[in-house]
Structures are given as C-alpha cells and as structure tokens.
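A.B. asks: Below are the structure tokens for one structure; questions will follow.
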Amino acid sequence: MRVGNIWRDQVIETGHETRGTHDIDLVAKLGIRTLRYPVLWERLQADRSGSRVWDWHDRQLDRLQQHGIEVVAGLLHHGSGPRETSLLDPALGDGLAVHAGLVAQRYPFIKLWTPVNEPLTTARFSCLYGHWYPHRRDENDFLRALVIQCRAVLLSVRAIRQHSPDPRILQTEDLGRTFSTPPLREQATYENGRRWLSLDLLHGRIDRTHPWRRRFEDAGVPAHDLDELATGEAKPDLIGINHYVTSDRFLDHRLPLYPSHMHGGNGRQSYVDTEANRIDLDPGATGWEPRLQEAWTRYGCPMVISEAHLGCTNPREQVLWLAEAWQAARSLRADGVDIRAVTAWALFGLVDWNTMLRERHDLYEPAAFDIRHDPPRPTELAAAIEMLVRQGDMEAPTADDVGWWRRKERVHHALRKA
C-alpha cells in the first residue's frame, strides 16, 4: 500500500517473505483448510524487460497445496496498483485484469478469488480522507475511485474465467454502522447509505433508479461504467464481512464533553466522531451480530467473516473478540443465515496499523503468531483457532471475562450514567 512515494508491504515488514514456507507449515499445524493469501499486482508487476518473477509465489502456493489448504487469492489489497497507475486511473481495471488472467493461468488450482479487497474502505481512505495515495479529499474523487475499483473486479472476473471456468468470488468489505445524536441524524443517514455502495455496485443494484445514481453521474462517473456494473455480472458468490471494534461509529454534537483533539465536522456542522462502543447505547446495537444480520437482510448472499482482529496489548482480549465473531456466526446460522466461515486476520500480525500505515513507527501487534520470536511463537489466539478448527467450538467466556468494549469503563467519562 502506497503513502506518498513510499510503499508499505506487510509481507516484508512482518518477515513472512523471508520465513516463507516455514510460516505455511505453522498455519497448517493449526488445521486451517482455507487461507486468504496475497498474490498482489504490485508485487508481481512486470519489470523493464516485461517479465514477472514468480519464484516466491510458486514456492508458497506449492506448499499450501502440499498441505491441502485452499487459497483465496487476493490481487489488490488496500493498494492503488503499480507506480504508473492509481485509484483514479480509468485504466486501473484493465491492468488488474491482465494480472488476474496471468495468475489464473499459472495457478489453475485456485478457485476462490478476491480481486479487490474492501473497495469502499480503500476509496474512503485514499480519496475522501486523504490518508493513502492519491491523497484526495473530495467526494467526487471518492465515488470515481470506488467505481474504478468495482469495474476492476468485473474485468478481473472476466479474465479469470478465461482460465478457470467456474471461479468463486469472495468480495470483502468493512462494515460498520453510524449512530448519532438527533442534530446529526442527517449525517448518520448519509454515512449509513454510503457504507453499502461497493456491494450495491457489484450486485448490480445501482441502476437508474438507485438513490445514489445521480450523485455518481454528477461526480463524473461514466454512465456506461455504471450500466455495465448494473448487469450484475460481478455479483459475488460470497460476501466477506470485515468488522472491527472501531467499525461502528457515533457522531456527537456535544463538543464540550470531549477533548479538543477529537473535534471535527463535515463543513456544515461540528461534531465528534467516536467509537460507538464508547457510548452507552442499547444492548445489541453494536458488534458482529447486528452488522451480519443487516448484510444478510440486504443481500441474502452467503457470507463469511473475512477479518476478525483486535489490536491490543492483552492477548486474552484478542481471543474474546474472535469468540464474539464465532458466537455471532453460530447464532445467526441457527436462525437460517448462510455463514460459511470465520477468519482470524492476520495470522502473523500487523505493523503500524495503529496509524493506518501513514507513519512509520515499526509498531508490531501480534496475532495468532508472535514474530518477535524465532521461529514465530503461537499465542493464546493460535490455541483458540486450533480449538475452533478441530473441535468446532471454544469454551464460552464467563460473564466476568469480557473485552474492554463490553466493560462499563469503556464509556467516555463525561457520558457515564450515575
């Protein structure tokens, strides 16, 4: 992923590139049978001679096959493509499709694909908030970048089908809900409509009657691109829900209740945008189960929990967050919701995600394995994953064993009830 002229690569920064197949062996020991795995365009772009160096990926994917682990191949993950393109380049989709076709041709055993991870989130962070390249802060740029990525999914699917007659597409997206105080209800409604745009585009829902259609066209999105997506040709086989403890948000106009560094706004109103679990909302308003239920109600498409991760210093809380995801999936499956899998993300941890990779501090947060040991040491989270894989369940936490997002002291001090 690119910030300015600097690329951040978690495969390198977590040491996975160097450890290579040894990491795959550790994953296999957990009993995992399906793995989201990067085969990224930026890492496999052609050099000046026009050739691609596949050796590392050949070894990794061969080892996964040896262990009988099915791959969900990710082709563009919070990236904007190689140096010569960007999220605002109409040709981005054509370039990614070439890459997708080459990957499908070289690795015909791959049947599950995520051509573009979280297109809505990437468009927001890159073109609405300015955090990532190309660092824009404009709704029109955001909407154009979103359609360009969704069209890249469509073109990639076409390219993959030339070599794999029946590929299955797992489309991932971060999903949260925005709550608010009454004066900010209009802003919350806007954000709660915006959160569905990538999945609506790929499901063919943004036709000429969709409430956001005119806004896309006014932003300069070609009607042809919208009509092409409206055919539903890029409709995913599986929806992957990525949800974090910070995904649900609360907008509050009561600025004096919060420190000044939290104050912001939309240009018309000033407010604080904080984690919804920092507010004393009704029980069951936030978290995994309500968000998964909303996605199922809207699309009726088979789902997976495609990222369940908590960055923290207490490994027990990572287990509790995964346990909530697991219990939500089981509860909804019992009610007829088609949820196929739960994914612990990412197995070897992350570097500098506390700043969304915008600053380099080399702050490492472990996950199932702690790379600060050689070889990487399995954590309490790894034991929980292995228990889920091999036994189909894990010991339910007690009433006193809850994560910080469930404890009373989580609520902002000034908002706590007597």
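Every number here is computed from the coordinates shown, using simple stated rules; none is lab data. Values in this document were obtained by computation on a predicted structure and should not be read as measured data. We place every Cβ from the backbone using ideal geometry, glycine too, and count neighbours over all the protein chains shown.
A.B. asks: Provide the gained length on full extension for the span Leu255 to Cys312, in nm with one decimal, where the gain is 0.36 nm per separating residue minus the Cα-Cα distance.
C.D. replies: Here the segment from Leu255 to Cys312 would lengthen by 17.8 nm.
A.B. asks: Obtain the nm distance between the two label points defined at His224 and Ala399 by a simple spin-label model: each point lies 7 Å from its Cα along the Cα-to-C-beta direction.
C.D. replies: 6.4 nm
A.B. asks: Using a Gaussian network model of the chain with C-alpha springs under 10 Å, which one of Arg52, Arg137, Arg177 is most mobile by mean-square fluctuation?
C.D. replies: Of Arg52, Arg137, Arg177, the Gaussian network model singles out Arg52 as fluctuating most.
A.B. asks: Obtain the nm distance between the two label points defined at Ser331 and Leu281 by a simple spin-label model: each point lies 7 Å from its Cα along the Cα-to-C-beta direction.
C.D. replies: Label-label distance for Ser331 and Leu281, simple model: 1.4 nm.
A.B. asks: Provide Glu42, Glu395, Glu380 in ascending order of the number of other Cβ atoms located within 10 Å of each residue's Cβ, fewest first.
C.D. replies: By the 10 Å Cβ count, ascending: Glu395, Glu380, Glu42.
A.B. asks: Sticking with this structure for a sec: Check every DSSP H run in the chain and write down those whose alpha carbon atoms cover 20 angstrom or more along the long axis and whose mean Kyte-Doolittle hydropathy is 0.5 or greater.
C.D. replies: Answer set is 92-106, 139-161.
A.B. asks: Further, regarding this structure: With volume of the Cα convex hull per residue in Å³ defined as stated, name the option among [x] 238; [y] 140; [z] 152 computed from the structure displayed.
C.D. replies: Correct label, based on the coordinates given: [z].
A.B. asks: Let me ask something else about it. What relative contact order, as a whole-number percentage, does the range 264-396 give when Cα pairs under 8 Å and 6 or more residues apart are counted?
C.D. replies: Worked out over the range 264-396, it gives 19 percent.
A.B. asks: Fully extended, how many nm does the chain gain between His361 and Val53 (0.36 nm per residue separation, minus their Cα-Cα distance)?
C.D. replies: Length gained between His361 and Val53: 107.9 nm.
A.B. asks: Tell me the label-point distance for the pair Glu139, Thr18, using the 7 Å Cα-to-Cβ offset, in nm and rounded to one decimal.
C.D. replies: 4.7 nm
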